[in-house]
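Everything below concerns the one structure shown next.
The values are calculated or read from the model by the stated rules, or taken from the named source; none is laboratory data. Keep in mind the model is a prediction, meaning the values are calculated, not measured. Quick reminder, even Gly has a Cβ in these numbers, built from the backbone with ideal geometry, and neighbours come from all protein chains shown.
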Amino acid sequence: MITATAQKRAFGYLRVSDVKQTGERHSSLETQEIHFRQYCQSHNITPMAIFTDVVTGRRDDRKEYCRMVEEAKRGGVDVILVQYLDRFGRNPREILQRYWELESFGVSVVATDEDIKEELILLVKAGMAGAESRRISERVRANMSNAVSKGVHVGRHPFGLQPIKDVNGSKIEVHWELHPEEASVVQEMRRLAVEENLGFKAIADRITAMGSRAHGGRPFAAYTVQKILTNPAIMGTLVFGRKPRKGNPQMELVEIPGFFPAIVSVEEWEELQERLSIRRENPKGKAHSSEYLLSGIARCGHCGGPMTGKVGAERKGKRYRNYYCSRAIRSRGLCSVYNGHSAPKLEKVILEYLEQFSDLDKVRDYLAAAERTEIEKREAELQHVEKRLADSDPQFLQHLDLLKRGLLNEQEFKRANEAAREKTKADEEKKKELTAWLKREHSIESRIESVPGEIKTFIEASQTMDVRRQKAQLQTIIKAAKVFRDGRIELEFRESH
């Protein structure tokens with residue numbers, strides 16, 4: 001009896017990272033294709049198609065690679081040929097998962113110029129080593145977290161504090177004290193940030209010029225100042241798990257208030273964090289260092305863009321200072337309204353307008369109205385999100401019906417549903433966010449009571465302050481002042497008030 005053996009069918013996969021690249025081991029696209037065809041000929045394999053990518057193998061979303069895998073899973077091919085396994089990809093986890101997935105569809109991956117089994121064994125060992133490393137790392141972090149929860153400090157000691165060892169027989173205990181010189185530096189850093197409205201770089205330069213040095217005798221850098229001023233240790237709180245290293249899972253925070261002696265009070269800490277938060281709204285710092293009081297505060301009422309202070313042309317021996325909509329200056333397509341105002345006049349009008357809110361009843365009415373408007377806006381948005389979620393199931397059934405009727409193939413059905421799934425996921429996240437916001441009861445009374453006093457203090461003190469300090473205080477009261485061409489002004493108070 002004579003039996004015929006079916007001839008195997010193959011896809012070829014070629015890849016280089018750059019079109020000019022000859023490739024590692026001199027594997028140009030031309031060389032890889034020659035090896036593919038020679039292997040097919042010498043092993044009696046039918047070449048069906050060649051898929052080519054010019055992209056790094058670290059990416060798993062390579063267009064031709066993904067298309068080849070989908071074609072292979074649909075059948076019609078028995079083997080995928082590559083010259084070397086590193087042409088197939090560079091991500092060990094992706095290679096192994098894809099290799100085993102293709103095998104489950106009856107498709108094998110073969111390298112023409114190397115023993116692929118040896119390479120796969122190396123990948124498995126590397127994966128096992130990585131998994132063990134992660135497990136060890138997780139155990140270490142868990143032990144550290146447990147130690148911190150019992151009041152043991154882990155890691156370098158914070159700037160401004162010093163550990164003092166007490167020997168009690170054979171037992172050594174540690175308590176913490178303020179480092180006199182460093183603690184005074186931290187207090188000065190806080191003052192420069194809050195009162196003088198300086199950024200991390202400016203603070204670092206100022207402190208270094210005073211003769212102070214960071215740990216190790218190094219001059220202060222912006223990053224060092226940022227690390228010090230955002231560490232809760234300066235208000236006496238030990239925190240562990242705030243910033244996990246890249247690749248590590250987020251751990252539950254461990255916080256122990258009163259663990260360290262406080263360099264700054266809780267109120268001073270909160271004031272500092274508010275100031276840093278405000279600076280993050282304009283991270284480049286130009287708005288804070290500008291000589292214009294309303295830079296970073298004034299916004300165009302027509303397009304929402306920032307109002308920029310500019311010095312005009314000299315007229316009769318005097319230069320005029322003005323605010324202009326920065327978007328309108330760049331392009332009329334961004335803002336078609338010419339919105340320019342004299343700087344001294346606009347600043348005077350806004351301060352006078354602000355002064356009327358030193359009346360408690362006016363503040364209450366203003367903030368309550370703003371609150372109602374925002375709540376109504378978010379409630380309407382939530383209704384739209386819920387409606388989209390309610391429509392998602394009928395949409396899936398509609399796609400299924402089209403598939404059954406042959407108007408969509410399986411691939412088109414899958415793509416349509418993947419897009420719908422992503423949209424549904426985004427809507428569910430948005431619903432969660434909106435629901436949480438609306439559930440929070442806004443106790444505006446506490447804000448209302450403090451605003452008039454702060455406005456009075458600001459108006460009285462602003463006469464003797466430089467622009468930078470004026471701006472720092474004004475930013476803590478109002479988030480934005482919308483200015484319209486006709487002179488109308490709308491103030492947006494900060495929620496923290």
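Residues of the stretch 185-230 that are aromatic (Phe, Trp, Tyr) and within 28 Å of MET465 (Cβ to Cβ): PHE200, PHE220.
If we only count helices (runs of 4 or more DSSP H) wholly inside the stretch 26-107, which ones have 2 or more residues that are at negative phi and at pLDDT 90 or above? Reasoning before the result, please.
On the way: elements: 29-42, 63-73, 85-88, 92-104.
Here the list reads 29-42, 63-73.
This table checks each residue for (1) under 30 Å from ILE477 (Cβ atoms); (2) at pLDDT below 70.
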{"position": "LEU351", "(1), (2)": "yes, no"}
{"position": "LEU367", "(1), (2)": "yes, yes"}
{"position": "GLU371", "(1), (2)": "yes, yes"}
{"position": "GLU379", "(1), (2)": "yes, no"}
{"position": "HIS384", "(1), (2)": "no, no"}
{"position": "ARG388", "(1), (2)": "no, no"}
{"position": "LEU402", "(1), (2)": "no, yes"}
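Within the stretch 432-451, can one find any residue that is modelled with pLDDT under 80, among the β-branched types (Val, Ile, Thr) and within 27 Å of the chain's Cα centre (by Cα)? Checked against the condition, which is being modelled with pLDDT under 80, among the β-branched types (Val, Ile, Thr) and within 27 Å of the chain's Cα centre (by Cα), the stretch 432-451 yields no hits at all.
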